[in-house]
1. Could you say which residue among GLN2, GLN36 is closer than 21 Å to SER135 by Cβ and not β-branched (Val, Ile, Thr)?
2. Please determine whether any residue of segment 75-83 is part of a helix (DSSP H, G or I) and of a type in the set (Asp, Glu).
3. Would you mind telling me which numbered condition in (1) over 23 Å from GLN67 (Cβ atoms); (2) among the aromatic types (Phe, Trp, Tyr); (3) touching a Gly at 6+ places or on another chain (Cβ under 7 Å) PHE166 fails?
4. What's the number of the condition GLY93 fails, among (1) over 26 Å from ASN169 (Cα atoms); (2) within 14 Å of the ligand (Cβ to nearest atom)?
5. Go through (1) surrounded by 15 or more Cβ atoms within 10 Å (Cβ to Cβ); (2) closer than 25 Å to LYS193 by Cβ; (3) at pLDDT below 95 and name the single condition LEU31 misses.
6. Examine segment 84-95 for a residue that is over 24 Å from ALA238 (Cβ atoms), in contact (Cβ under 8 Å) with a residue 24 or more places away in the chain, not in a loop (DSSP other than H, G, I, E, B) and not hydrophobic (A, V, I, L, M, F, W, C), and state whether such a residue exists.
7. Assess whether ARG162 counts as being within 12 Å of the ligand (Cβ to nearest atom) and either exposed (fewer than 14 other Cβ atoms within 10 Å of the Cβ) or more than 30 Å from SER212 (Cα to Cα) (or both).
8. Filter segment 160-200 down to the residues that are under 20 Å from GLU146 (Cα atoms), free of Cβ contacts under 8 Å to residues at least 12 places away in the same chain and among the basic types (Lys, Arg) and list them by number.
Amino acid sequence: MQLTQAQVTEFNTNGFLLLQQFVDPQRCDALRELAQQHLFEMVEPIESEEEYLQKHSGVRTTRRLRQVYDRDPLFVAWMQDPEMLPILEQLLGKNPRLLLAHHNSIMTKLPQVSSVTTWHQDIRYWHFENDKLMSVWLSLGDEYLENGLLEFIPGSHKMQLRPEQFDENSGFRDDLKENQELIDTRVHFRLKKGDVVLFHAKTLHYAGKNVSNTPKISFVYSLRANDNLPIKGTRSDAPEIAL
Ligand SMILES: O=C(O)CCC(=O)C(=O)O
């Protein structure tokens, strides 16, 4: 499958693009079942809510299963899906590289106990020569505002944002009037199982708490353009997969 020129323009303009019903429901169910098994058994490596919030209470609530690429061939098959490659090549150029150091996760928001993912750009922790970087988000169930749906600020990947607009953790401050004006332009898509959202690593995004009764479970992996090299000696200078 290839994107239409209108879809490429939409991605380049907004910094995100929805591909509805890209993955068939049976495959999503198999991925979700396996993810749930790893969540139930707390198969490491895991990022907990407590680590994310920098609270050290002794409790560990799973926020994401890390290093999904190393967990199971079923996960790998989705990350190397031949149907997705032509699309990634339209957006990033030939032979993009799958990043094992960034995202490469099953992201979850468990009911009631999960936290807000505050406004941020993924690139805050990434170190590459330029910003030809993106992520692929697959919904393994319905995602809506009450269970912590992703929200985006259109065009934010191209904005010249100043360091003062970010806090000490490189989060986008929501207490500044100028930032709030941008946040007011936020958009979301109510996602269904099998929907894919592609988004640029500089697109500002956010996800609320899950106040529903069921876990939100999504699969996210990231890529760089072939000619966008990681900076030596940084966390991004790590194993990758050639697609
Ligand atoms: O919490 C979520 O569901 C969104 C996760 C996210 O934005 C991230 O990990 O960069």
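1. GLN2
2. no
3. (3)
4. (2)
5. LEU31 satisfies every listed condition except (3).
6. Among the residues of segment 84-95, at least one is over 24 Å from ALA238 (Cβ atoms), in contact (Cβ under 8 Å) with a residue 24 or more places away in the chain, not in a loop (DSSP other than H, G, I, E, B) and not hydrophobic (A, V, I, L, M, F, W, C), which makes the answer yes.
7. No: the conditions fail for ARG162.
8. none
The values are calculated or read from the model by the stated rules, or taken from the named source; none is laboratory data. Please read these numbers as outputs of a predicted model, since none were measured by experiment. FYI the Cβ positions are ideal-geometry reconstructions off the backbone, even for glycines, and counts take in every protein chain you see.
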